[in-house]
1. Quick one: compute the contact order of the stretch 282-438, relative version, from alpha carbon pairs under 8 angstrom and 6+ residues apart, as a percent.
2. Sorted by mean Cβ packing within 10 Å, highest first, what order do the peptides 93-99, 203-209 take?
3. For the stretch 72-198, report the translational diffusion coefficient in µm²/s to the nearest whole number, using Stokes-Einstein at 25 °C, 0.890 mPa s, and a Kirkwood Rh over Cα pairs.
């Protein structure tokens with residue numbers, strides 16, 4: 001069933017691409033029309049030899065390397081490059097990619113994007129398992145720029161994840177959420193909901209460098225952490241979720257969020273009210289919204305190559321199985337992206353997260369990930385993680401058990417073939433090594449390894 005659904009999504013997305021191109025008459029390489037308060041498209045430039053030593057300080061190079069369809073196009077949240085946009089309201093480096101197929105429909109600019117994976121997963125050891133599953137996302141957006149400099153943006157993102165079943169897929173050392181409302185998911189990655197985002201944003205430009213904006217989502221992503229892992233350039237090509245997910249970006253799908261933000265040039269401060277409870281085991285519905293938690297995030301892009309953030313959140317009862325336990329969360333991250341050649345890029349992320357419960361017990365997580373894309377055919381990616389977790393072994397009488405420090409390292413590669421100007425087919429694989437302390441080795445059969453093989457369809 002998963003294969004059929006994946007094929008159906010892929011076919012539908014492909015038809016959307018072709019229809020968009022016919023409608024747009026190749027608008028994918030045209031900037032959005034300039035409106036009052038928007039940055040106009042840069043005038044045509046003669047090609048010049050690449051000088052990567054000055055790229056970080058050369059905004060013309062930034063525009064040259066912007067993702068196709070985004071050169072000269074500003075963000076729906078303010079007067080900065082569209083390429084700075086990531087998930088929710090998070091920032092990535094200005095030299096990042098923000099892929100999508102564009103079309104025009106009257107006063108609206110339309111965008112579509114899809115990344116669909118079919119994965120064979122083999123997790124070894126005594127607590128491992130195997131599974132074939134479909135995962136990914138299909139995204140669409142509609143944007144309107146007004147004469148007064150304000151912008152309205154509507155965005156929807158769907159996922160085939162619910163087809164993998166409520167228990168998700170095997171992933172050693174991962175923990176979080178539940179498949180049945182009774183037992184926690186351990187050594188498995190939970191599926192995301194069908195509706196990963198249904199959001200709207202409205203922004204108003206105050207000056208050539210200042211903007212204020214509001215964002216609402218059901219579901220949506222509050223102002224906390226780095227961009228969600230499936231939107232980070234350093235992580236998006238890997239088919240597996242990070243085991244640091246619940247420290248860094250588990251709030252990227254919450255059923256009810258409002259965010260207010262102010263940005264000035266390269267600095268941004270924003271705050272959110274959102275529902276703290278993670279999605280329940282019913283992955284097909286839209287849950288009742290509630291604003292019982294809050295977060296604040298400061299972001300700074302000192303150069304086009306860097307994106308920095310620090311954030312804090314007070315989260316009300318995030319775990320369904322622990323309804324009386326709140327959390328305080330911290331996050332800090334640095335993302336670096338460098339461009340080279342006509343299609344090449346190298347993006348890396350260093351991120352830290354901390355969760356503290358009502359008993360002032362804290363546990364930390366670290367992630368270092370990188371992806372190298374030398375040309376349009378090949379991408380090599382890797383990740384190293386270290387977490388402090390009390391969810392791998394249940395405590396006496398249930399609940400969380402003793403705290404253990406575990407780690408994981410993975411490396412993978414994917415080869416893409418272009419089927420159409422906006423459609424690519426890829427074949428890839430990854431290998432991972434997991435490290436557990438001596439106390440856990442009898443449960444895992446030592447330090448287990450794991451591997452994934454995958455095919456993918458990417459439309460951007």
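A short reminder: the numbers here are calculations on the coordinates, not readings from a lab. All of these numbers come straight from a predicted model, not from anything done at the bench. Heads up, the Cβs are rebuilt from the backbone with ideal geometry, glycines too, and the neighbour counts pull from every protein chain shown.
1. Across the stretch 282-438, relative contact order equals 12 percent.
2. In descending order of packing, they fall as 93-99, 203-209.
3. Reported coefficient: 144 µm²/s.
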